[in-house]
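The values are calculated or read from the model by the stated rules, or taken from the named source; none is laboratory data. Just so you know, these numbers come straight off a predicted model, no measurement behind them. Because the Cβ atoms are built from the backbone with ideal geometry, glycine has one as well, and the counts that use them run over all protein chains shown. Accessible surface areas use protein heavy atoms only, side chains included; no ligands, DNA or RNA. Shrake-Rupley method; radii C 1.70, N 1.55, O 1.52, S 1.80 Å.
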Amino acid sequence: MVDFTLNAKERNDLGKGASRRLRRNADLVPAIVYGGEKAPQSISLEARELNKALENEAFYAHIISLSVDGKKEDVLLKALQRHPSKARIMHADFLRVVAGHQVTVQVPLHFMNQEACVGVKQQGGIISHTMTEVEITCLPKDLPEFIEVDMAKVELGNTVHLSDLKLPKGVTLVALTQGADHDLPVANVHAPRTSGDTAQEGEAGEGAAE
């Protein structure tokens, strides 16, 4: 398991203008840390260090050791504001992790055994993913870096739903706590589209236009 550490400094010069100056003059990213029994704290991070951490998928669902002016605390990344056209982080939100208190986190899905899938290897189907991540609730000590979706036995025409996922001990899917109608599809195996299907769709579209 990867250990993530970020260094930050407390930020007292607040406001949009201050944030713009921070990004422009020092290549720093404004951020906030909140949660727990402490007051929210405005901080700044080195853009280079944050961008490097963000290259690792596990960073998004992992407890991070955040050192603010040398004082360390455990946090989770809760939100990122990205520049609409440039590869630049505009702002980050971090949530303090309190031992014994549950956290709610978006965790990536890892699709396993796709090449060996019955619906693909034996029945000529194609796998489509309808989700790439799920929202979970658990204690910090039980937080997984990802959830596995085993596609090995999924046949052509079948769909994997949230309720089919095997979850680590202590982990709950938020959607399933909201009722059976939130048992959404995660992936399916379907027949490949043929040129005939495409032609029929084109004719239907022309008919509708006329």
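If you check residue 205 against the conditions, is it modelled with pLDDT under 95, out of contact with any Leu (no Cβ under 8 Å at 6 or more places or on another chain), open to solvent by 30 Å² or more (accessible area, probe 1.4 Å) and not in a strand (DSSP E or B)? Yes, satisfied. Would you mind stating whether residue 38 is among the basic types (Lys, Arg), loosely packed, with under 13 Cβ neighbours inside 10 Å and either under 16 Å from the mean Cα position of the chain (by Cα) or modelled with pLDDT of 90 or more (or both)? Yes: the conditions hold for residue 38.
Against the condition open to solvent by 60 Å² or more (accessible area, probe 1.4 Å), among the β-branched types (Val, Ile, Thr), farther than 25 Å from residue 97 by Cβ and touching a residue at least 40 places away in the same chain (Cβ under 8 Å), how does residue 130 come out, does it pass? Spelling it out, residue 130 is indeed open to solvent by 60 Å² or more (accessible area, probe 1.4 Å), among the β-branched types (Val, Ile, Thr), farther than 25 Å from residue 97 by Cβ and touching a residue at least 40 places away in the same chain (Cβ under 8 Å).
Checked against (1) of a type outside the set (A, V, I, L, M); (2) touching a residue at least 24 places away in the same chain (Cβ under 8 Å); (3) surrounded by fewer than 14 Cβ atoms within 10 Å (Cβ to Cβ), residue 74 passes all but condition (3). With the structure loaded, tell me whether residue 47 is open to solvent by less than 40 Å² (accessible area, probe 1.4 Å), at pLDDT below 95, within 25 Å of residue 13 (Cα to Cα) and of a type in the set (Gly, Ala, Ser) or whether it fails that test. Yes. Residue 96 falls short on exactly one of the conditions (1) loosely packed, with under 14 Cβ neighbours inside 10 Å; (2) out of contact with any Leu (no Cβ under 8 Å at 6 or more places or on another chain), and that condition is (1).
Of everything in the range 172-190 that's small (Gly, Ala, Ser) and at pLDDT 95 or above, which residue is most open to solvent (accessible area, probe 1.4 Å)? Checking each candidate, the answer is 175.
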